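This report refers to the structure that appears directly beneath it.
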Amino acid sequence: MDYVEKELYRSVKGEQKLLSETSLHLLKAGGKRLRPVFVLLGGKFGTYDIERLKLVAVPLELIHSASLVHDDVIDNAETRRGKPTVKSKWDNRIAMYTGDYIYGKALEMTAGLSDPAIHRILAKAMVQMSIGEMEQIRDFFNTGQSVRNYLLRIRRKTALLIAVSCQLGALATRAPEHISSLLYTYGYNVGMAFQIQDDVLDLVGTEKQLGKPPGSDMKQGNITLPVLYALEEEQLREPLLKEISRVHHEEGRASASDAIGMIRQSQGIAKAEALADRYMKKALDALDQLPNIKTTKNLRDIAHFVVKRTH
């Protein structure tokens, strides 16, 4: 991972000084680097080759990072991981071009791989991510959306890129197809659990843990799973709808603390965590069918970390 981290920084350096600077600012803010970790672990099931795997690991983290820069513009976010966002340190236009530049750098790097299946899988995942982002914008402050809607959105926004990270690591090192397929299933379910837990943390975490104020999702109009579950409770529905409407109409100036308080008192958090646990169980079931090697244990540990983390 140290090697991948260095390659990540190296990949965004270019002749345009400002774009190199903004891209490095984003990457240096840190992150869990889950996607490259999954690529490297997936590669352990084939003929492990770090020089080949970096051509997948680095681009996948770049694609994820580019989507975050664009997200911060849409959400008008001032901080990410406790650091100023590109849009707040520079401006919206520079942030948008930074995201485009990082996407371009990701594609430039994958050009080193000749396997068309890898390019096809990656392109499809990027298309689905864009659709997921559009659906999120469409559903801002939509309290009438279904749980199914929410799950389809996070599948596109988050789970698919984690799934293909696991799958492409195996494909890049020519692991057997049934192994790459099981790794995809594992990654998909971990990705779903990861995003649900992320949405729970936004409501139960502290600003120090999150690197941003709690309730940021709601202030930006993103109605997440715990909120949808809380809205199903008859005695809470009307007061909670009223609070969400107030946050909406005060356009981010309003505090979401009253709404967060209601959700914390509801069964919304517990029900969302129970669904995350169900996805994790499916991920672990897929691992049970993989060879019993140290890498499989690593993947099991990561699945537990994803669902039980506090930031």
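Between LYS242, LYS297, the distinction of being over 19 Å from LEU40 (Cβ atoms), in a helix (DSSP H, G or I) and charged (D, E, K, R) belongs to LYS242 only.
The single condition among (1) in contact (Cβ under 8 Å) with a residue 24 or more places away in the chain; (2) touching a helix residue (DSSP H, G or I) at 6+ places or on another chain (Cβ under 9 Å); (3) hydroxyl-bearing (Ser, Thr, Tyr) that THR296 does not satisfy is (1).
Among the residues that make up the stretch 137-147, is at least one of them aromatic (Phe, Trp, Tyr), assigned to a loop (DSSP other than H, G, I, E, B) and modelled with pLDDT of 90 or more? Yes. Considering the stretch 263-290, and only residues there that are under 29 Å from THR143 (Cβ atoms) and not in a helix (DSSP H, G or I), the residue that is most open to solvent (accessible area, probe 1.4 Å) turns out to be GLN267. Criterion first (under 18 Å from the mean Cα position of the chain (by Cα), farther than 18 Å from MET129 by Cα and of a type in the set (Val, Ile, Thr)) does THR79 satisfy it? So THR79 fits the description; yes. Residue-level check: of (1) open to solvent by 50 Å² or more (accessible area, probe 1.4 Å); (2) closer than 20 Å to ALA159 by Cα, VAL69 misses just (1). Name every residue in the stretch 146-160 that is under 24 Å from GLU243 (Cα atoms) and either loosely packed, with under 15 Cβ neighbours inside 10 Å or of a type in the set (Ser, Thr, Tyr) (or both), in order of residue number. Answer for the stretch 146-160, where residues must be under 24 Å from GLU243 (Cα atoms) and either loosely packed, with under 15 Cβ neighbours inside 10 Å or of a type in the set (Ser, Thr, Tyr) (or both): SER146, VAL147, ARG148, TYR150.
Residues in the stretch 202-227 that are more than 16 Å from ILE74 (Cβ to Cβ), modelled with pLDDT of 85 or more and open to solvent by 10 Å² or more (accessible area, probe 1.4 Å): VAL204 only. Residues in the stretch 38-66 that are of a type outside the set (D, E, K, R) and without any contact (Cβ under 8 Å) to a residue 60 or more places away in the chain were compared, and the one that is most open to solvent (accessible area, probe 1.4 Å) is ILE50.
The values are calculated or read from the model by the stated rules, or taken from the named source; none is laboratory data. All values reported here derive from a predicted model rather than from experimental measurement. For neighbour counting, all protein chains shown are included, and Cβ atoms are generated from backbone atoms with ideal geometry for every residue, glycine included. For accessibility, only protein heavy atoms count, side chains too; no ligands or nucleic acids. Shrake-Rupley method; radii C 1.70, N 1.55, O 1.52, S 1.80 Å.
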